[in-house]
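Here's the structure, in structure tokens; my notes come after.
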Amino acid sequence: MSSRVVYAAAHVVADPDDVTRLDWDATMAFRRHLWQSGLGVAEAMDTAQRGMGLDWPTAAELIKRSAAEADGGLIACGAGTDQLAGTPTSLDEVIAAYTEQLSVVESAGAQPILMASRQLAAIARDADDYHEVYGRLLGQLSDKAILHWLGPMFDPALTGYWGSEDLDRATETFLAVIEANAEHVDGVKISLLDAEREIQLRRRLPKGVRCYTGDDFNYPRLIAGDEHGHSDALLGIFDPLAVVAERALARLDDGDTAGFLSTLEPTVALARHVFEPPTRFYKTGVVFLAWLSGHQEHFSMIGGLETARSREHLLRCYELAAELDLFPDPELAASRAALL
């Protein structure tokens, strides 16, 4: 892609014989599928069940393997603090945990994504604490990082991130942190499912700092942009939509914005269904669609998360995806959906 920088946040495939482990062959094969579709891979993010089954040692191995497989493909990897047990007693503990994970990402040769931290949300007293943590972390990096603002609809433990439950106040702190560290920030991923807030925020970003939309409800028009600019993308929904996204983005690269929108907008109904509340369980639909599409041989997830959505929800995922002609082998998809 030449007109936009686009990442798909990739899911992981559990080992069907022991769902506490990963099926590494299938997990890596899916990443190759994303790269072959012209998308970057956003690795070890919440789509990969960070904080919902994927522990840090496995995430670290995933980061190393994916970075080694990239072979020139775009890759950025999530660094957080999820190796900490319980609530930390100081900001120094949070910074040390972030630093450990950032070292793994940078040593692997990948771009770091500073994920929102449950532990920081639990201990931070005010906006100044966020300034201190992010300032110290960004100042030590050798590469520019992507900052991730993951809203509470994706993870209730992140309520009040950036020092306030008031999103206007939180936005001001977020922008101030970026402004103070702009030379170390490649971009920001906004996952608030609020298109107007994202548009207003991206217009205020320092020059050279990208806005990566994480809005799985409104992505076509956010990526298309307006006379004031556009969003790049880092989206969980592009995991199942990689082939459609590739077609749409090719039209955008050709200057055909109308064609881009006409290709991608029909996918929004599926995205809104997959990400319906409780939004954090969207991973179940993503993995279900990967199974129907033949990217893995089973529908089992780490921690049994395949049970997080109802049979009716999953069958509607199938119906909406079939209407989009999303499945490489429609007969296989139909036969697997029938097993429900």
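Okay, here's what the table says:
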{"item": "Computed over region 6-245: relative contact order in percent, which uses C-alpha pairs under 8 Å that are six or more apart", "result": "18 percent"}
{"item": "Leading residue at positive end of dipole, the chain (Cβ point charges), from T213, G255, A85", "result": "G255"}
{"item": "Neighbour-count ranking [beta-carbon atoms within 10 angstrom, fewest first] of V12, V185", "result": "V185, V12"}
{"item": "Those GluC sites (Glu not before Pro) in region 146-183 that DSSP places in a loop and that have at most 16 other beta carbons within 10 Å", "result": "E165"}
{"item": "Anchor K283: lysines whose Cα lies under 20 Å away (excluding residues fewer than 8 positions away in-chain)", "result": "K189"}
{"item": "Estimated inter-spin distance, L315 and E183, nm [label 7 Å along Cα→Cβ]", "result": "6.0 nm"}
{"item": "Residue order, fewest to most surrounding Cβ atoms within 10 angstrom, among V41, V104", "result": "V104, V41"}
{"item": "Nearby aspartates and glutamates by direct alpha-carbon distance to K64 (threshold 16 angstrom, same-chain neighbours under 8 apart not counted)", "result": "D23, D25, E43, D55, E100, E106"}
{"item": "Pairs of Cα atoms farther than 19 Å apart, region 54-102, %", "result": "34 percent"}
{"item": "Square roots of five times the Cα gyration tensor eigenvalues for region 185-340, Å", "result": "30, 18, 12"}
{"item": "Given 16 as the ceiling on other Cβ atoms within 10 Å, longest exposed-site-free region of the chain for trypsin sites (Lys or Arg not before Pro) in DSSP loops", "result": "208-340"}
{"item": "The chain: angle of helix 91-108 to the longest principal axis, Cα-based, in degrees nearest 10", "result": "50 degrees"}
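Coordinate-derived values only; no laboratory data. For clarity, every value in this text was computed on a predicted model and none was experimentally measured. Every residue, glycine among them, receives a Cβ derived from its backbone with ideal geometry; neighbour counts consider all protein chains shown.
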